[in-house]
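Have a look at the structure below, then the notes.
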Amino acid sequence: MSADILRLRNMRFFAYHGLFPEENQLGQRYEVDLEIHADLSAAGRTDDLTKTLDYPRLYALVEEVVTQQRFKLVEALAEN
């Protein structure tokens, strides 16, 4: 298996996380980096879109976790 790394960096979202009431009322900006280790060699060899990861879907999944769920701790957000 190849050790390919896919990185989506600087994804920015506005969300409501935090321990204090002000954080949950006012919200704040969050910047997220995602790193995925996967074997993408088949996509590289064949130039076939169906053999790679769906980048827009990955972005949408991260956006959903960050904006649709609420956490007290940034560490809990990162674990999800």
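Looking at ALA76, ALA60, ALA42, just one residue is loosely packed, with under 14 Cβ neighbours inside 10 Å and within 10 Å of the chain's Cα centre (by Cα), and that residue is ALA60.
Exactly one residue out of GLU22, GLU31 is of a type outside the set (A, V, I, L, M, F, W, C) and at pLDDT 95 or above, and it is GLU31. When LEU6 is tested against (1) outside any strand (DSSP E or B); (2) in contact (Cβ under 8 Å) with a residue 40 or more places away in the chain; (3) among the hydrophobic types (A, V, I, L, M, F, W, C), only condition (1) is not met. Between GLU31, GLU64, GLU75, the distinction of being assigned to a strand (DSSP E or B) and of a type in the set (D, E, K, R) belongs to GLU31 only. Do we find that HIS17 is closer than 16 Å to VAL65 by Cα, surrounded by 10 or more Cβ atoms within 10 Å (Cβ to Cβ) and touching an Asp or Glu at 6+ places or on another chain (Cβ under 8 Å) in this structure? Taking the combined requirement at face value, the residue satisfies it. Can you say whether ARG7 is of a type outside the set (Asp, Glu), touching a Leu at 6+ places or on another chain (Cβ under 8 Å) and loosely packed, with under 10 Cβ neighbours inside 10 Å, as far as the supplied structure shows? Criteria met by ARG7.
The values are calculated or read from the model by the stated rules, or taken from the named source; none is laboratory data. From a predicted model like this one, the values you see are computed outputs, not experimental measurements. Counting neighbours? That spans all protein chains shown, and the Cβs are built from the backbone with ideal geometry, glycine included.
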